[in-house]
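The values are calculated or read from the model by the stated rules, or taken from the named source; none is laboratory data. Here the structure is a predicted model, which is why all the values come from computation and not from measurement. All Cβ positions, even for glycine, are placed from backbone atoms using ideal geometry, and neighbour counts span all protein chains on display. Quick note on the areas: whole protein, heavy atoms, side chains included, nothing else; ligands and nucleic acids left out. Shrake-Rupley method; radii C 1.70, N 1.55, O 1.52, S 1.80 Å.
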Amino acid sequence: MGEESWSSSKPFLPHQRSSNSCSSWRFILVIASMFLGAAFLLALYFSSSSSATLLPHPVVILVSSDGFRFGYQHKAPTPNIHRLIHGGTEALTGLIPVFPTLTFPNHYSIVTGLYPPHHGIINNFFYDPITGDKFTMASHHPKWWLGHPLWETVAANNLTAATYFWPGSEVHKGPWACPKAFCQPYNSSVPFQDRVDTVLSYFDLPTDQVPSFITLYFEDPDHQGHLVGPDDSLITDAVSRIDAILGRLILGLEQRGVFHEVHLIFVGDHGMVGTCDKKLIFLDDLAPWLDIPEDWVHYYTPILAIRPPPSVDPAHVVAKMNQGLDSGKVENGGKLRVFLKQDLPERLHYSDSDRIPPIIGLVDEGYKVEPTRTGNNECGGAHGYDNAFFSMRTIFIGHGPRFAKGRKIPSFENVQIYNLVTSILNIQAAPNNGSASFPDSVLLPSS
Ligand SMILES: [Zn+2]
């Protein structure tokens with residue numbers, strides 16, 4: 001714009017005449033065009049700086065699409081997701097979930113920057129080994145939820161957070177008391193557009209009351225992925241709906257003049273893989289080596305978790321189970337490997353909590369563990385597997401002033417997102433498992 005305004009002054013220069021009688025007019029025109037040009041540039045400067053101050057503080061909207069496997073963005077026309085990709089920074093080969101690649105452990109790792117043994121949500125359900133209490137996805141007692149999730153960190157820094165659903169967001173912790181105006185109790189029947197419209201309404205508040213950090217959660221396309229696996233047309237429709245709902249969010253922010261000021265981070269919690277073709281392992285096939293009573297098994301699949309009674313040595317259980325699995329006499333036995341939790345590969349970060357049962361079994365991609373043969377139809381989708389499997393990867397896009405346009409970055413683990421958000425908000429982070437230097441490698445400097 002500035003260059004155009006300067007070049008447009010050229011026709012006023014009287015270079016085609018050489019008469020001295022015109023020199024004073026020439027001088028006046030040159031001065032006038034310089035003055036107009038300068039005024040134009042000043043106007044541009046003030047108009048751009050005034051739009052940059054619509055919001056008095058940085059804002060992050062963290063959006064999660066459950067079970068959005070990396071690559072789904074190419075399964076259907078997704079103009080809004082691609083608008084974010086082209087205008088922002090994308091993890092080129094996807095976001096790496098934490099192990100186990102399940103919904104609650106991963107959502108809580110995203111907002112705490114901690115691996116599951118450190119934030120306490122080691123599975124979607126589990127037992128407290130001391131009290132015997134059971135954790136379920138409806139448990140809101142703060143004793144379960146360790147670490148400092150972003151809404152708590154934001155509140156501790158005297159800023160406002162708002163949660164439109166996120167695992168753990170209803171838990172009262174530290175300065176966070178799930179305030180009625182800014183914390184929605186989970187209700188899966190709330191239409192997606194209502195969730196977006198409520199978040200947009202926060203931007204109609206006086207600007208100093210706009211929350212600094214907002215979460216937004218959608219159950220799709222996880223739901224469809226479980227039903228039919230990741231390659232069915234039902235997924236394509238669900239991906240299109242997620243794209244449309246992102247479009248509604250983008251449009252609403254544009255209408256309020258803040259789309260380019262807000263940091264929009266779009267993530268999923270894990271991927272999805274098909275489980276068809278009878279990829280099953282039955283624990284009662286191991287009976288010739290060891291009887292495994294059902295009450296020892298806290299979780300079957302895809303992460304097998306076993307806590308035998310204190311009278312039974314876990315190392316003995318592991319040895320007997322692996323002996324049976326390696327015998328060649330157990331159907332798909334080679335697809336399950338059982339470990340004492342302290343012997344699991346270190347990269348899984350899955351031993352340092354007494355909530356994790358002492359025996360953990362890992363299955364190959366797409367396989368499932370069941371107590372016994374049922375003859376049920378076993379065709380669908382699942383997640384929870386080793387996070388090294390590419391099918392478990394999900395999406396990361398960051399869009400907004402601190403994210404370079406069109407930039408591609410290598411895949412990274414979702415525990416890095418906590419530091420990314422605290423850096424954008426310029427607030428004090430709680431100790432976490434993310435790298436302190438990660439935000440500098442991803443974010444543009446703040447202006
Ligand atoms: Zn999930």
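At a glance:
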{"item": "Reach of K408 by Cα under 22 Å, taken over lysines that are not fewer than 8 positions away in the same chain", "result": "K75"}
{"item": "Exposure of S441 as accessible area (Å², to 10), given a probe of 1.4 Å and all protein chains", "result": "60 Å²"}
{"item": "Fraction of antiparallel bridges per DSSP, the chain only, in percent to nearest 5", "result": "50 percent"}
{"item": "Descending Cα extents along the principal axes, the range 327-434, whole Å", "result": "58, 33, 21"}
{"item": "The range 233-371: Rg to Rh, with Rh as the Kirkwood radius over Cα pairs", "result": "1.19"}
{"item": "On Cα atoms only, tilt of 103-112 relative to the major axis of the chain in degrees", "result": "50 degrees"}
{"item": "Total charge dipole magnitude, the chain, about the Cα centre, Cβ charges on Lys, Arg, Asp, Glu only, Debye to nearest 20", "result": "1520 debye"}
{"item": "Viscosity 1.002 mPa s, temperature 20 °C, Stokes-Einstein D of the chain from Kirkwood C-alpha radius, µm²/s", "result": "88 µm²/s"}
{"item": "Computed over the range 294-376, Kirkwood Rh from alpha-carbon pairs, angstrom", "result": "13.4 Å"}
{"item": "Along each principal axis, Cα extent of the range 174-258, largest first, Å", "result": "45, 34, 19"}
{"item": "Sequence of I130, I122 when ordered by accessible area, the most exposed leading, probe 1.4 angstrom", "result": "I130, I122"}
{"item": "Projected-area average for the range 216-313 over all orientations - Cα convex hull basis, square nanometres", "result": "10.3 nm²"}
{"item": "For the chain: relative contact order, % (alpha-carbon pairs under 8 angstrom, 6 or more apart)", "result": "28 percent"}
{"item": "Per-residue SASA entry for R69, accessible area with 1.4 Å probe, Å² rounded to 10", "result": "60 Å²"}
{"item": "Angle in degrees between helix 314-325 and the longest Cα principal axis of the chain, rounded to the nearest 10", "result": "90 degrees"}
{"item": "Prolate/oblate/rounded call for the range 140-197, Cα gyration tensor, a/c under 1.5 rounded", "result": "oblate"}
{"item": "Reachable aspartates and glutamates, given that their alpha-carbon falls under 20 Å from the alpha-carbon of K279 and they are not under 8 places away in the same chain", "result": "D231, D232, D326, E331, D364, E365, E370, E378, D386"}
{"item": "Among I245, L348, I122 - extreme Cα towards positive end, dipole of the chain, charges at beta-carbon", "result": "I245"}
{"item": "Principal-axis tilt of helix 192-201 within the chain, Cα atoms, nearest 10 degrees", "result": "40 degrees"}
{"item": "Residue-level accessible surface for W144, protein heavy atoms, 1.4 Å, Å²", "result": "10 Å²"}
{"item": "Accessible surface, 1.4 Å probe, highest first, among residues Y186, Y300", "result": "Y186, Y300"}
